[in-house]
Every structure is written in structure tokens, then in C-alpha cells.
Amino acid sequence: MSAELVGVVVGALLSLMVLSYLIGDNPLYRVAVHTFVGVTAGYVMVVAAVNVIYPQLFLALLGTLTPERLLLLGISWLLTVLFAFKLFNPQSAVGRLPLAYLVGLGAAVAVGGALTGTLVPQVGATFVSLLPDPALAVDPLEQLVSAAVLLAGTVCTLAVFWYGGRTLPNGKVARPLLVAPFARLGEVFVGLALGVLYAGVVAGSVAYLAERLNAILTAVEQLLQ
Amino acid sequence: MAVIRCPHCGKPNPDFVETCQYCEQPIKDTESPAAGEAALSDGTIRKSLILRCPNCGKPNPDFLNQCQFCDTPLKSAGAAQTPQPGPESEPAADLPDWLRALRGEAAASDAPFTPPASEATHDWEWTGAGEAAPAGEPAGEIPDWLKGATGPFTGGEPGPAPAGEVPDWLKGTGALASTEQPSEPVSDQEIPDWLKGATGALTPEPAPAGEVPDWLKGTGALPVESAPPSGAPDKGAPGASTAFVEEPAEPALGAETPDWLRDLSGGEAAPPVGQPALSMEAPLPAILPGPEDEPDFLNNLRGAATPVVEEEQPDWLKSLGLSETPVPPTGSDAPALDFSAPAPSAEEEPDWMRTLRDEAAPPAEAAPAESEAEPDWLTALRADTPTAAESALPGTSPFALDLGDLPPSAEPEAAPAPGGEPDWLAALRPAAMSRPETPATPVEGLELAQGELPSWLAAMRPVEVERMIEPEADDYEEKVGILSGMRGVLRAEPSVVLPGKSAVNVHTLLYTEAQASQAEALAAMLLGDKATAPAGRRKARLAVPWERWLVTVVILFGLLAPPLLLPSLFPRPTRAAPETLAAFEVVEGLPVDRPVLVAFDYEPAHAGELGLLADAVVGHLARRGVPLVAVSTSLTGAGVAQEALDRLTAQNAYSETVSVINLGYLPGGPIGILQFSLDARASFAADFRGARYEDRGGLWQLPVLRAVSTLDDFGAVVVLSATAEGARAWIEQTQGRPTPMLLAVGAGVAPLVRPYYEAEQSAAQPRLAGFVGGVMGAAQYEARAGSPVSPSADFFWQMLGGGLWTSALLLLFGNLAHGALQALRRSRTKRKA
């Protein structure tokens, strides 16, 4: 029995053990889950140690230590040591410095990327011309409908998140008259979007299930062979 | 009644007591010095001295700091006061006989007086010890009458005494001398006036008949037949001596008063011989208790006083010339005391008696035996004090206060003679004096007889005011608690404490019907909560949920049925979507000398879908021979990448490090992507396996990485992500880079990532060159690429199709069924309503 077959068989068994949740929480399912969690945790630690900590902190000291390199290594070592104090409660406050540095740097990068990579392009993308572009190899009607739908969808979706309202005589609060119809249409778009997302999740789940079943069948087939 | 000094504290005490009434020490101390003598530290005895007041000139004892008459300091710095020797210091021969006799008796007493060493001897202390006994009597021999007077008072047994000498009146008293001399007689000059009249040993000076106050007349201290006293009333006579006048004026002495007693009081007529030397028949002075108030011993003295038969009288008594007298009346019938001096014969009369009589006689008659040697104080007394006939007061103490003329008393009953009784004395006399009628009765259980209040003390008793106090009738009957029905108990509910509700202004609660109904509903709810609902039967835990089982079965059927039962039910796509087609075009157009960065940002769990995408896109790259550099921002993605690369390159004869390398995990997320895009070499020093390739010059000297330093050096970036965040991170951090990017995402992520692709389509050269989404996209891509479809791939495709259709149908029919049920329930609710 080759290792590949063992792996396939073990995978199939674990899959069946997870699928046993169909009858409820049971020890097989618990074993499978705990196995997956444990293996994953171990694998992650090994990868982090082998691929990041060892080469970046220790192997780097063995290489050519230029002043820049030495400065970078010194800062890396300092932040690493300070962050290690997070393990000890009395001195955990010391680890706030590297954590604050990481959080701040990550937020800055994320905000910058969101602005330049998401907000601006997306806003720019909504500025579409209802007039079809002859340069595009797309049917002008299709372009028109697409643009209209895009425009309507954008505006109506934004109208859904209009939180301003007016008080009716019966005491209820309603959207403004100008916003209410667009909000209603926007709710349709939002629903559709959420539906598409859910469909994709279902499709992916089905794919995952199909792949697992295929693996089980393959393993069975190989065992039978 | 003699007064003796306590040998311990020096306070005066009656002679009949055994223990001092102040310090409760025995008075009869044989070891104490004699009266009037102070026991010094050297053992000698100091006699009391007398100091003359520098202001008034009155004699004062030396132990006093201030004059007892005018409160002038006696012992001042400038006072050249030399203590005058008291009479005790005079030679014995110079003393009068009576005094000498007293001293001799005292010296022979068995209980010598020992004054406290810290105190000087008082003025009227007996200092007869050491002095020669009177001539008429042997030294140390106490007259029988005196012995008898002290013996019974101390409780001692009467000592032996000649029966023939003891007067009958004295026999019954038991006042015979005992072996112990409880006390020593005090000198005449030391005895206060109030006491003088009671002792009988004094020489009451005759008071003028017109000046005798009524209160004194009745005392019997003055002889009735006596001439008015010649002398003026002694201004120094202590009116205080009669401060406690209680008894009305006693009848004057009658003919029954013995002559010797009458002579003592200063009358010319001497009592007949045979009369008792000391008649206690007359009522005592006002300061002394009356016969009814007197203790038994004194009453016995009076009552038992029987006239002494002449032949039974002792010689000394006979010498007094007392005549036989009948039994003196007792009680209220007892006449006033008459201290008139008897007229004993000159031979038989004791010297002291003779002296007393002489002093009591008018000054013309009185002839002191030794006028020259007479002490000054005595001379002064005689000069100051009135005669016996004139003076209505008994003998006054030389130390008595001079109160001067006193206004007449306001008491009508006991109006004293002008200039006689002082007003304060009259004012103190109560209007009505009641004598205790009941004799003293012994206290039950005790041998002691109950004491009787003397009249003068009884007069001081507050007048009882009878007030009618209604008896408190407690008829309250308890009504609450366990004591209900009982009377005479403390109230359980004090009426004072309990607040009562006001009957007026009773507040009524106004409420509407709606509020009432709401209150009732609330009450019903609360009551309903209390009611315990029966516990429903618990379902068996092993019961399988049929819905779940049904869905599972349907899905499994849908998954397995098409590939098994209905093969090629679901054909593979033949047309690709534009975005998928674009991706294909991009890959198809990539140069083979520039490596392509493939980011395997998905977990092993997503390998079922993303694996197909990876097989489609990366396989196309591998078939084209494009070098592949794999990275992963997921820790487990690096392993997935390695597995995919191994599977794909094996089919296309890819050699590692030449055509393909897996750099491994790229830490830092977006920061790592940004750093890698800026400086790829700084991000990795070794590959996924940890090889540094030092022998080859390092990792970045490998053929596949030699030309790579930044993201721009890659031919394209293919992002395989199962999450929208991973794809967005690559898109955002590589913004502005010219390297084209292909997105291969799952079906669920595709809608979220598609706007990025769509947004760049308007650009001339959009960075996002292609977009492949889901298993469908992978199938389209492979169909476009013309990849052969393996049986497993087809089987999988059929399963996927059946599963998707089954899921779709389940969702559809499930929602329809749910909607129908909801409508049915609403209709039923409406129908019921």
C-alpha cells in the first residue's frame, strides 16, 4: 500500500467521520474535528518556524551584515522580543509596542489600498455612459441595459441605506417620498446580490461535497482494486 | 451626762458609749493617756493649753487656729500669744477641791484618755490624770455616784459598790461603777452650757425670777423659790444651748426637790437633807430630751430613782444634807429638774459639791475658796455670768458665744422672758410638739430596743401633709397578643405610639375601566405564572431529524445519480464567459521567459473548487512552459501550492528551480504583498522547503528567480483565492503595477471580485486581465483551452451538475413550500379570527 493510497484512504475515512454529523454530534465527528484542528495547528507552527522565523531571524544573522541589514535585523529582533512578553501576564504590557506597530502599519496599508484600489475605482466604475461605446465589442443594447442596470442598481442600493425619515401621523417613521421608491428598488438589488452570493456559497459547498464524495469513491475503488 | 473624748479621733462622745460614734474605735482604752493629756513621741504627756484671742480676749484651746467666738486667727505672726496654761497645768494644790476631786477620780480611772498625737488636746478634755486627787477622797477613787453614772452606759456590769451607799434611785439604774472607767468626767469649764444643765454636775446659775423664760422654767433647772438672779443675764450665755427647746416649760421645782439640788441651781433654800443629791425628777432642759424621749437608762434613772433613806445614804451623800424624798414622779408628771444645790453638812459635803454650790449662789454669797488662786477664766465667768437667782440659764461655758441681746421670740406659747430666749430659738420651737406616746418597743428579732426620737428632734421632723392620692385603678384589659384578656399588664400597643389614620381626607384611587382591566390582566398573568405547567414529554434523543435525513438523501441522490445513472446528463460548457476568455487570452499570450507569480491563497478545504481552477489556469501555464513561482499568504496554502505544482509540473516535465519554485508562505498579509511587490528578494531567503541554495548563490540566483526582484519582473500574477479578502488584498496592494493579474476565485467569491474586474475594463490596459470564477469557469477555461477531459473529471462534472441542480430544486421547492404553509396558516388565522 503506497503512501498515496494510505493518504487517500485516511482522507476518505476522515471525510466519512465528518459526514457522520448527519446523525448528530458523535465521537467520530469529534475525533475527526479534533484531528483536523490539531494537525492544522501543528502544520501552521512548523511552516511559520521554517519559512519565517528561522530564515528571517537566525539565518539572516549568518549572512552578510551590512549596516542597513544589521539595523533591520536589530529592529526585528527587538520587536520580536518585546512581543514575546505577551506570553507573561505581568509583563504583557511590554508587548503592546510591537503590537501597536503592526496594527498601525497594517491599518495604514489597508486604508491606503482600500482608497486607491477599491473606493476610487469603484466610484469611477459607476460613472458609465448610457451611450454605448462603439469601440467595445459588445452589443450596444447590451451596453445600454448594462449601464442602466448598473446605474439603477447603484443609486437604488444607496437609497436603501438612507437613514433619514419622516414621521407619519400614525407614529411610524418612513423614508422620504423621493427616496422611498428608489429604496424599494434598491432592496431588490440588495436581495439579488445577497442571493447571488448565497448561490455561490451553495455552489461551492456542493463542489466541496462532490469532491469529497469523489475522493471517497476513488479510495474505495482503489481499495477494491 | 458626762462627755468623754475618743482617744483616737478626739471627738466628744457620751460617756455611756463604748465605741466612738465617729471612728468606731473603742473609747475605753486603758493604754491611752489620761484625758486632757496628749501622748507625745517621747512618752511624756503634754497638757492642753489655752490661748487668748487677741481680738475678743476669749480663751480658746491651743489647737484651734481661729477664735471660736470671733474667728480671729489665733496663731498669727504678730500675735504674741503665749498659750496660757490650762487649768490642767496648775498645781494640784491650787485647784478647787471639786476639780481636784474630779481629777483624782479621773486619774484613778481604768480607762485613761489618750488624745490623738496629731491633735492638741481639746479645751474641755479631762486632764485630771496626774493631778492629785481631791482632799476629801483618796486619789484615784471615783465617787460611787459617778462610777454608777458611767458604768451602765457602756454596757458593763455594774461593779461592786457598797450597797448602803448607793442611793435607791441609782440602784435601779445599774449605773454603778464598773471595773472599767469608760470615760472621764470633763471639767466644768469645758462642758458646754447645754450639757451643763443636763449633767447636774454643773452649777446652774440662778436666773432672775422675772427674767426666767418660760421654757427654762419648766426645765426645772432653776429653783422656784430662788430669788431672782442678781446678775444680769450672761450675755455670753450661749443662747444656742437652748436652741433645741422642745418641751414646754416644766413646772418649777417643787418642795420635793432636794435641797442640794436646789442649791446647785443657785437658790437660797437648800434642799432638805435626804433628798437625792441628783434629782432627775425635774424635766431636763429643753436641749435635752424629755423623760419620754430619754433612753431607758435615763428613764430608769428617773423612775428608779427612789429616795434614799437617810440611813442608807452613803456618807458623802449624807454630807450633802439630802433629805428623804418620796419617789419622784416619772413621765409627764415628772417635775422639772432642779439642780439646786443641796445643803450638806460642811464636813460631809464633798469639796466639789461645795464648790458647785458656792458658785451657784449669788456672788455675794458665793465665796470661792481660793479667790486669789482662782483661774482667770473662772473669775471671768463669775463676773460675767449672772447669779443663780438672776440667771435663768444654767452655767455657761466660758467658751460660749456671746450672742448679745436677742429679740423676743415670736412664739406665743413659749414666749421667753425679755432678753431671755433668743428669737431664733423661739422660731425653731415647733407650734405643737408631740411626745411619743408609745413607749419604745424592741425590734423584733433584735435584743436592742427601738430608739425613740427625742422631742427636740421630733420637732424637727417635717410636717406630714396628708394628701389624698387616688389609688391608680388599672382596669385596662389587653386585647391583642397572647396576653389578651389579662389586666394589669403593659399595653402591647401603646396608644401614644400608634399612629392613627385620619378619618378625614381619605384618598381614593381614581382609575378608569381600561386601567382596571389592565390591572386584572396583569394580576391574571402573575397568577398564571405561579401555576406550574406540566412538563411536556421529552423527545427521545436518538430520534433522527427526518428533515435533515431527507435533504441528505436527496442531495446524495442528486450527486450520485447523474454520473452513475445518467451519464452526460450535464454537458460540459463549450462557450466561455468573456472574463474567462480574457484570462485565457492573457495566459496564452504570456512570454515563457518571464516567470508567472501564482498565489495559492486557499485552504485545503477549498481544494475541491479551487483545485479545478488551478488545474485549468496553472495547467495552461504549465503546458505553455511558463516558469511558475508560487507563493501563498495562507500558512496551509503553501502546502496546497506545493501539491498542485507537483501534480502539474510532473505532467509537463517541469524541473524544480528551473521552471518552478515554491517560495512558500508570505507573511504579513497585505503588508507582505506590498513588500513583495516592492522587494521580492527581501521577502524570501529560502523556498517552501527551507532550502537556501547557498551552493547556487542563494535562492534568488536560481534560474527561475534570477531575473526577479520586484513584482514588475513577473509576467503575470495569477491569484487563486477562496475568499474575497485575499483577492482584494492582492488587487489593492498591487495597484499601479503594470503586471497583469488574473483572478481565479470560487463561485461564491466571484460576485464580490467581479466589480474590480469590471471597473478596469474601461481602461486601455486594464490590470485585471482575466477573471475565472467557480467550477463553471474552470470548465469553460478548459473547454477554451481544449484540455482533454478525463473520466474522473467528467464524473466529477456530472456529480457537480446533479448536486447543483438538486440544491437549486431543493431551495426552490423548499421556499415554495414554506410560502404555501405560511399562507395557509394566515388563512386559518383569519378564518379563526
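Table for the structure above
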| read-out | value |
| --- | --- |
| Per-residue average of Cβ from other chains inside 10 Å of B:732-742 | 3 |
| Most to least packed among B:775-788, A:171-184 [average Cβ atoms within 10 Å] | B:775-788, A:171-184 |
| Neighbourhood charge, 13 Å Cβ-Cβ cut-off, centred on residue A:79 and excluding it, Lys, Arg +1 and Asp, Glu -1 | +2 |
| At R0 = 30 Å, FRET efficiency that the Cβ-Cβ distance of residue B:812 and residue B:737 yields, to 0.05 | 0.10 |
| Shape of segment A:153-215, Cα gyration tensor, a/c cut at 1.5 | prolate |
| Rounded, prolate or oblate (a/c below 1.5 giving rounded, otherwise prolate when a/b exceeds b/c) for segment A:1-160 by Cα gyration tensor | oblate |
| Sorted peptide list for B:664-676, A:9-21, criterion being average Cβ within 10 angstrom, highest first | B:664-676, A:9-21 |
| Ranked B:830, B:479, criterion: other C-beta atoms within 10 Å, fewest first | B:830, B:479 |
| Stokes-Einstein D in µm²/s, Kirkwood radius over Cα pairs - segment B:577-643 at 25 °C with 0.890 mPa s viscosity | 197 |
| Mean separation of Cα contacts under 8 Å, 6 or more apart, over the residue count of chain A: relative contact order % | 18 |
| Segment B:657-811: translational diffusion in µm²/s, Stokes-Einstein, Kirkwood Rh over Cα pairs, 20 °C, 1.002 mPa s | 120 |
| Shielding by partners, peptide B:679-685 (average Cβ within 10 angstrom, other chains) | 2 |
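Readers should treat all values here as calculations from the given coordinates under stated rules, not as data from a laboratory. This one's a predicted model, so the numbers in the text were calculated from it and none came from an experiment. Using ideal geometry, Cβ is built from the backbone for each residue, glycine included, and neighbour counts are taken over all protein chains shown.
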